[in-house]
Amino acid sequence: MSMNLVTLLYLVASICFIQALKGLSHPNTSRIGNAFGMAGMAIAAVTTAALVAKLASNPAAGLGYVLLGLVVGGGAGAIMAKRVEMTKMPELVAFMHSMIGLAAVFIAVAAVVEPQAFGITHALGDPIPAGNRLELVLGAAIGAITFSGSVIAFGKLSGKYKFRLFQGAPVSFKGQHMLNLLLGIATLVLGITFMLSGNFGAFVLMILLSFVLGVLIIIPIGGADMPVVVSMLNSYSGWAAAGIGFSLNNPMLIIAGSLVGSSGAILSYIMCKAMNRAFFNVILGGFGGEAGTASTGQQQRSVKSGSADDVAFVMGNADTVIIVPGYGLAVARAQHAVKEMAAKLTAKGVTVRYAIHPVAGRMPGHMNVLLAEAEIPYDQVLEMEDINSDFGTTDVVLVLGANDVVNPLAHEKGSPIYGMPILEAHKARTVIVNKRSMAAGYAGLDNPLFYLDKTMMVFGDAKKVIEDIVKALD
């Protein structure tokens, strides 16, 4: 295979990745986008395998190693994706980010140890050019931060580990920001030292400090801010891949990494606006440390509670219903029951729509994917900015396992979430909220919505409650 053909195939793969991002920008074209992404990755993998076979001193052995990696990695990925539950999708994404970061570190180390094998030097013993050393520093440092940060994010998203750093509550200590600054400066100095002198010890120490820095950046971030962290780490993994692509003179890696890095950064910015966070604070890991505390008086406040029969009666006699899905819906895996309930309401002449907050769930787009799994029509699923103005004229809003994204405290000055855009469910004529208990959400704040005269609480597992509503609608 000629290098011209390799370059052409890499270009085709890159175009497929661009089309994949374009397709994934809208639910109606997401399947086509995924198809483009898979096609691009298949072309890139086959081209790389053929290139390795050509350049290796033992083509058969080189091709065998590549195929073995494809089988092991692809097989593990397929099994994990098939078995993962929708509630565990954020953890899977964090795990994949960590693997991209670790791969970037391994490639960078291998390139420094054996530069001639990567075509970075022309003769045995020649030093690595300073420009290539800079690219290796960037790829390795960002990759190490991505790996260790993603490991912490995985633990926080899982919520089942007793290890303190893996718990959802922020971990902070005195002098934390100063320590992060000193480690960042030390990492930068070591990187510059390696770039100027080629000192391998400085390179290794820089990677180790980057691993530590990745942990320290993520641990002060609480569970409520995990959607932003996921998108931020997604961006980091892309820049790590792009840095390694420059070192290896691989245009496909450069383009694909830049696409992931830039799209992840844009998504992080969108998430920050949706949560009223400062973008640069996210990058520096400086937010999430000041979590709100649940109101200690919430047990003394009374709420109106009802049954599934009550909910069926209210919604069955309404003209318009908006359903607000949250993480509780994902935990109960109630999306299929919700679709059945919506179908029965539609048959009664009720207009049913879904309102999606950008950070509902535990990762960007979590609720969209959940509803798509139940094949709920895309035209019924509306983003926050498209539906917020309709709450005031809506008869019934059904909130399923959501909390912070419908909390009116976001409109009150002095509140920890003041300024955060929310779904304005409190403006509807009647509000029905399904929760397992009166426990606070990720932000740790009590929700005044639950105590309004027009709000009816229905306690219990979302799937069981919705199934009972479906029966009552018959």
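Once the chain from Val189 to Thr393 is taken as fully extended at 0.36 nm per residue, the excess over their C-alpha distance is 67.5 nm.
Run through the stretch 339-434 and list the chymotrypsin sites (Phe, Trp or Tyr not before Pro) located in a DSSP loop whose Cβ has at most 16 other Cβ atoms within 10 Å.
Loop-located and lightly packed - Tyr418.
Fully extending the segment from Ala117 to Arg429 would add 105.4 nm, taking 0.36 nm per residue of separation and subtracting the current Cα-Cα distance. Once the 1.4 Å probe is applied to the protein heavy atoms, the chain comes out at 47 Å² accessible per residue. Label-to-label distance, Ile270 versus Met438, with points set 7 angstrom from Cα along the beta-carbon direction: 3.8 nm. Under the rule a/c < 1.5 gives rounded, and otherwise a/b versus b/c splits prolate from oblate, where does the stretch 140-185 land using the Cα gyration tensor? It is oblate, given that a/c is not under 1.5 and a/b is not larger than b/c.
Among 4-16, 90-102, the peptide with the highest mean count of other Cβ atoms within 10 Å heads the list, and the full ranking is 90-102, 4-16.
In this rough spin-label picture, where each label sits 7 Å from Cα along the Cβ direction, the Val46-Leu181 distance is 5.4 nm. For the chain, the carbon plus sulfur part of the accessible surface works out to 65%, probe radius 1.4 Å. When only Cα pairs below 8 angstrom with a gap of at least 6 residues are kept, the chain shows a relative contact order of 13 percent. Each part reduced to its alpha carbon centroid, the stretch 29-94 and the stretch 181-253 end up 24 Å apart. Which residues among the stretch 88-112 fall inside the zone where the amide N is under 15 Å from a point 7 Å beyond the Cα of Phe163, along Cα→Cβ? The answer is 95, 98-99.
Using 0.36 nm times the number of residues separating Leu67 and Thr29, minus their current alpha carbon distance, what extension gain do you get?
Length difference between fully extended and current span is 10.5 nm.
Each of Arg133, Arg353, Arg83 has its accessible area taken with a 1.4 Å probe; listed largest first, they run Arg83, Arg353, Arg133. Projecting label points 7 angstrom from Cα along Cα→Cβ for Ser172 and Arg301 puts them 2.4 nm apart.
For the stretch 401-421, list residues with backbone N below 20 Å from a point placed 7 Å from the Cα of Lys464 toward its Cβ? Correct set: 401-402. Averaged over residues, the count of other Cβ atoms within 10 Å places the peptides 407-416, 249-258 in the sequence 249-258, 407-416, highest first.
Over the chain, dividing the summed -39,500 (n - 2.57) contributions of all DSSP H runs of at least 4 residues by the number of residues returns a 222 nm mean residue ellipticity of -19000 deg cm²/dmol. Treating r as the C-beta distance of Val109 and His411 and R0 as 51 Å, the FRET efficiency rounds to 0.50.
The values are calculated or read from the model by the stated rules, or taken from the named source; none is laboratory data. Quick caveat, the model's predicted, so the values are computed rather than measured. Please note: Cβ atoms are built from the backbone with ideal geometry, for glycine as well, and neighbour counts cover all protein chains shown. Heads up: the accessible areas ignore ligands, DNA and RNA and are worked out on the full protein's heavy atoms, side chains in. Shrake-Rupley method; radii C 1.70, N 1.55, O 1.52, S 1.80 Å.
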